[in-house]
Structure formats: C-alpha cells, structure tokens
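Data block below; observations after.
The values are calculated or read from the model by the stated rules, or taken from the named source; none is laboratory data. Keep in mind the model is a prediction, meaning the values are calculated, not measured. Cβ placement follows ideal geometry from the backbone for every residue including glycine, while neighbour counts extend to all protein chains displayed. These area figures cover heavy atoms from the full protein model, side chains too; ligands, DNA and RNA do not enter into them. Shrake-Rupley method; radii C 1.70, N 1.55, O 1.52, S 1.80 Å.
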Amino acid sequence: MKPDLRVTIAGMEFANPLMTASGCCGYGEELAEVFPLSRLGALVTKSITLKPRLGHPPPRTAETASGMLNAIGLANVGIDAFITDKLPFLEKQKTRVIVNVAGSSASEYIEVCRRLNDCPRVDMVELNVSCPNVDEGGIEIGTDPLQTEKIVADVRKVFKRPIIAKMTPNVTDVGIVARAAEAGGADAISLINTLTGTSIDVNTWRPRLTYNRGGLSGPAIKPVALAMVDRVYNCTRLPLIGIGGITTADDVVEFMLVGATAVQIGTALFVQPDAPVRIAKDLTAYLREKKLHSVTELIGKVRKY
Amino acid sequence: MSKYSSERVPVSRVRHLSPNYHSLKLGPWSRINECRPGQFVHLGLPDSEIYFRRAMSIAAVDTGSGQIEIIFKVFGRGTRILSGYHKGDVVDVLGPLGVPFTPPRQNETCLFVAGGVGFPPLFYLASRLVARGRDPETIEFFYGGRTSGEVVERQRIRQLGVRFHPVTDDGSFGSKGLVTEAVEKYLDGHPVKRPRMYACGPDGMLKAADDLARKLGIPGEVSLEAPMPCGFGVCLGCVVPLRAGGHARVCKEGPVFQIGEVLL
C-alpha cells in the first residue's frame, strides 16, 4: 500500500507536507510551468503588502557557502493587484493557497488580512513578522513577543480562517516569541525566516547587496532551523511548519522528527525548480522502506539522548 | 516533460581559447532543437562546492550531434571550476531559458556590437542567420576586447564571411579604442541602409551602445547579464530598472531587451 502523505494543520487537510516558502515561487505562475501545483501540499505566495513595492535596487542576491543572501525588499504587486490579477490564477489550482502577508504597521497587516478574508479560496494567511530586509515593520515586530501577540490577535479579529505566524531566527529565544503568537491566537507556527547576514566584495570593498545586508537561506541554515523547530515543538502546542535549507527527502524527515507537521521548500527551488516533486517521490520511498503507513508517524519522533 | 526539467549532460569537448576564455561543448542534450540565439542555459555543477547554477549564453548549436557550445571567461569561483572540467565530466543543464533575439528583416543591415565575453550569443545569432541564407556581408561584426587575447575565435568569425571589425583598447589587435567608438566612426564614413543593432558585452559598453543607437535612431536589441539565482522568474534577484519605470527580470523578460528599454 502506498504510504499516506496527507497531513492536517488547524483542521485543514493537505495532500502532502510539502509547501513552497514565501518569496521563492512568486504567485505560482512560473512554478505551474514546471509541475502541476496539485503536487504541492500548499503554495505560499510571496509577501503581499497593502501598497505595491518595487523592492531594493540590484544587486539584491549573493551566493554564499551552501546558501544565499537576499535583500529583495518585499517586491510585490500590492493587495489590490494581487486579488484582481494573481488570485484568479491561484484559485484554479488544485492545491491549498496560503497568502503571506507583510506590512510596515499593524494596521497594514489588518487591512490586508481583512481583504483576504473576503477571498474564500485563500485557505490560510502566514504573517511575515520576520523579514530582515525592510526598514520598517517586519523583523521589529517578530523580535518583540508583545507586538507579535498583539498583531496576531488583531488579525484574528478580521481573518476567520487559520493564521500562521512566521518566526524570525534573529532572536535570543524563538520559543518565547512562538508562545506569544500562540497566546495571540495563531493556529500554526512556521519557522525559520532568513538569518541576517552580509557579504563584502574584497575587490571593491563594498557589500554585495545594495541594502548592505540581507537574509541568509539555503542548506547553510538547516541546522539552525532544525534546532529552532525542536525548541518551539517543546514549548507550544501549535502545529509547526519547518523551513530552512530543505533540499532532499531526508531533510523533510529530519524536520518532521523534531516536530514539524509540514515543511516549506525555498532556496532549493532556485537550484532545482521541480524539487518538491522529486522530494515527494523520495519521501514516499523512505516511508516504504521504514514500513510506515503515514508520514504523520514521523512527527516529533526524534529519539533524543 | 516540463521545459524546466534539468538534464545531466556530459562535457563532450573542452577548448582553452586563451588563459581566461574557455569553450565547452555539452551534449548530447535533448533540448537542442528548442534553442534560439540570445537564449541561455542555467548550468548546475554537481558534486562541486558551487550551490547556484550559472547562466551561460549559448555560443553555438550543433543539431546533428545534439551539442551546444558555451564560451565563458573566468570571473569567479563557478567559472573557475567550470574551466577545469574535462571531457566526460557532467553538468546539469536547465533551459533553454529567456527571450531570444528578434531576427532582422531581410532588408536590414546588422550591426553586431560584441564586447569581451558578450561575444557568444552574437556569434550564435550570426551563424544562424548565415546558415539560414542571409548574405554574410550584411552583417557588420564589431568585436572589442581590452587586449588581443580578449578577442577570441577570430577564425570562426571570419569563416562565417561576415564583415569583421576587431577592436582592442590597447590596439594590440584590430583598431585601437572602444568598440562603440569604432561603430560610430564606421557609420560616419559608411552610411548603412536600415541598420539594426545587436549588442552584448560589459555594462559600460552596453550603455554606450544603447546611447549611440538611440542618438542615431537605430533600432535593435541589447542582451544583458545579471546574477541570477533561479533563471526562471521566481526569485526576483536579477531585476534591472526600466526607462519607463519599474523593474524587469533579466531571466524572464530578458536577457534580450529593446534598445532604450532598460535604464543602463
């Protein structure tokens, strides 16, 4: 019998635990040319803000050892164009749609989520309270437990479907912020967003990014992400979505063993656009080999010393 | 099969054109018939320390043997590793990607403006035009480099029969000066009927070519290069500003843009 890849988060069923990570698949249009989006558990859009954003000037990405730095700057079409131009395409896709929301103030998050509440095909929102690449909002909220709790609670009043709070790793204890999100009424936690980093060109003595610093992602951050998922799994009751350098089915298994119910695939999409399809196939093979009937049997089953 | 499925392809021939310039033939590759001049491939280097793919313009296509050729200059870690590849080594090829050049109309004269490592896509375009029956003498092929060693594959260009105008900054080969200066000087002395420009090269050269074309009212296209994590439009890492406002993705809306379209 084929192992069951379905997982459930906040009462909502997903075809498999593989989601795209925000900012790594646009609004799904390009990725749909690579493979049918129905192969994903969910597509997570890039961050949507109230007004359109052009983003930072180039260069805004740089390669690092086993990863990348980016300071795209939340370039996006804004909520109005998202609903009129981008959502109709996503509504036709046979996958869960999770819209990532960012803002420079609490009122911006609330307004965007209020409008998304009127779009029934948006299954969940993911609150990006953790982007390191904007001057206002973003990470400032996500490093402060009180602000995090308040913004989740405020969004809770206007968005009636599940809310995911996306954690920044750039804090002393991610568990405290996760508990604050739980207290505010979040239904799930996704973690981690990128780690703040930079890189300097030794010939020009200039940073490789015009924003001077950026967010580090890719396999380089996987051990940090795993430790943080483990930490949050042991201090909240919320389902977790693991993010950070996931490239292979083994990576997915690791994240699920330390407590993730699902995972998001980000930077790996840039290197292998069909990574989720390949990972799903390998994950099925892994479960067969381990004689497991369901992928959920992995969740939190790490055997610690 | 999705057009974004990558394929492991062997290196079938290696040539070192100069200390810095190298040519690799890759193949057989199943996508060979889909390639158009101006497009690029995104090369993954399996089993290397290089994480991202590297965008490489296509320099030549041999549909008979199913091989493409890339010609590149060593700039950083990725190209250095690639320059050490041998026949039989394997690369992971994604593509062909991006918008190709628009072919010229029959009555147009082509002004090719190549600078250094901007040469490969223009060589592919010229080869294809000639192979499809265009009179090679309607192609003015300007090709500039800093020194003689930066103007590679001269013999192959000459074999096409195009009107070859080599230029070097130091005058060690061809005429002395900048390639765009040579184009302007040539046009001064030789009125060209219905010119159409195709330019590819370093940023400064592209800006000068774009400025010149706009000044003289010459239509045409420029081919850009940018750091490109994904190559298929999702990461937004390779954007360039447009003259009309906003950004365009070099990998998706480009790498070929109309003269005057991009704020260079």
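Only protein chains counted, 1.4 angstrom probe. Which residues of segment B:207-238 are at least 10 Å² less accessible in the assembly than when their chain is isolated?
B:Pro227, B:Pro229, B:Cys230, B:Phe232, B:Val234, B:Cys235, B:Leu236, B:Gly237
Once the dipole of chain A is set up with Lys and Arg at +1 and Asp and Glu at -1 on Cβ about the Cα centre, which of A:Thr148, A:Ile279, A:Ile192 lies farthest towards its positive end?
After comparing all options, I get A:Ile279.
How large are Rg and Dmax for chain B when only the alpha carbon atoms are used, in Å?
Answer for chain B, Rg first and Dmax second: 17.6, 54 Å.
Counting DSSP beta bridges with both partners in chain A, what percentage is antiparallel, nearest 5? Provide the component values of the computation, followed by the final result.
Working: 16 of 43 bridges.
Roughly 35 percent of the DSSP beta bridges within chain A come out antiparallel.
Figure the gain on full extension for B:Asn33 and B:Ser5 (residue separation times 0.36 nm, minus the Cα-Cα span) and round it to one decimal in nm.
Numbers: separation 28, 0.36 × 28 = 10.08 nm, distance 1.54 nm.
Contour length minus Cα-Cα distance gives 8.5 nm.
How charged is the neighbourhood of B:Asp210? Take every other residue with its Cβ under 15 Å from the Cβ of B:Asp210, and add Lys/Arg as +1 and Asp/Glu as -1.
Numbers: positive: B:Arg196, B:Lys207, B:Arg214, B:Lys215, B:Arg243; negative: B:Glu181, B:Glu184, B:Asp203, B:Asp211, B:Glu221, B:Glu225, B:Glu261.
That works out to -2.
Per residue, how many Å² of accessible area does segment B:107-264 show with a 1.4 Å probe? Write down the numbers at each step before the final one.
Details: 6290 Å² over 158 residues.
Solvent-accessible surface per residue comes out at 40 Å².
Note every residue of segment A:261-284 with a reduction of at least 40 square angstrom in accessible area, all protein chains present versus the isolated chain, computed with a 1.4 Å probe, or write none.
Buried by the other chains: A:Phe270, A:Val271, A:Gln272, A:Pro273.
For segment A:62-126 and segment B:200-248, write down the distance between their C-alpha centroids in whole Å.
After rounding, the separation between the Cα centres reads 28 Å.
Say we join alpha carbon atoms closer than 10 Å with springs in a Gaussian network model of chain A; which of A:Ser38, A:Ser190, A:Ser22 then has the biggest fluctuation?
It is A:Ser38.
Over the protein assembly as shown, what percent of the accessible surface lies on carbon and sulfur atoms, probe 1.4 Å?
Values: 11920 of 22770 Å².
Here carbon and sulfur together make up 52 percent of the probe-accessible area.
Looking at segment A:48-84, which residues lose a minimum of 50 Å² of accessible area between their chain alone and all protein chains in place, measuring with a 1.4 Å probe and not counting ligands or nucleic acids?
At a threshold of 50 Å² (probe 1.4 Å), the residues of segment A:48-84 that become less exposed are A:Leu54, A:Pro58, A:Arg60, A:Thr61, A:Glu63.
Please give the calculated 222 nm ellipticity per residue for the protein assembly as shown, where each DSSP H segment of at least 4 residues contributes -39500 (n - 2.57) and the sum is spread over every residue; nearest 500 deg cm²/dmol? Let's see the in-between values first.
Details: 16 runs with 146 residues, N = 569.
For the protein assembly as shown, the value works out to -7500 deg cm²/dmol.
Taking a temperature of 20 °C and a viscosity of 1.002 mPa s, what whole-number D in µm²/s does Stokes-Einstein yield for segment A:148-305 with Rh from Kirkwood over alpha carbon pairs? Walk me through the intermediate numbers first.
Numbers: Rh = 16.9 Å.
It comes out at roughly 127 µm²/s.
Cβ neighbours within 10 Å, averaged per peptide: list A:71-79, B:150-158 in order, most packed at the top.
Working: A:71-79: 22.2, B:150-158: 17.9.
Listed from highest to lowest mean packing, they are A:71-79, B:150-158.
What distance in nm separates the two pseudo spin-label positions at A:Ala227 and A:Ser107, each 7 Å out from Cα along the beta-carbon direction?
4.1
Let me know the shape class of chain A, please: from the alpha-carbon gyration tensor, a ≥ b ≥ c as square roots of the eigenvalues, rounded when a/c is under 1.5, otherwise prolate if a/b is greater than b/c, or oblate.
Numbers: a/c = 1.29, a/b = 1.16, b/c = 1.11.
Rounded.
In angstroms, what radius of gyration and Dmax does the protein assembly as shown have, counting Cα atoms only?
Rg then Dmax for the protein assembly as shown, in Å: 25.6, 82.
With a probe of 1.4 Å, find how much accessible area chain A has per residue, and write the answer as a whole number in Å².
Numbers: 12000 Å² over 305 residues.
Counting only protein heavy atoms, the per-residue value for chain A is 39 Å².
Assuming R0 = 22 Å, can you tell me the calculated FRET efficiency for the pair A:Ser294 and A:Asp250, based on Cβ-Cβ distance, to the nearest 0.05?
Numbers: r = 18 Å, r/R0 = 0.82.
After rounding, the FRET efficiency stands at 0.75.
Counting only protein heavy atoms and rolling a 1.4 Å probe, how much accessible area do B and A lose on contact, total for both sides, in Å² to 100? Present the calculation step by step, with values, prior to reporting the outcome.
Numbers: alone 11940 and 13180 Å², together 22770 Å².
That pair of chains buries around 2300 Å² in total.
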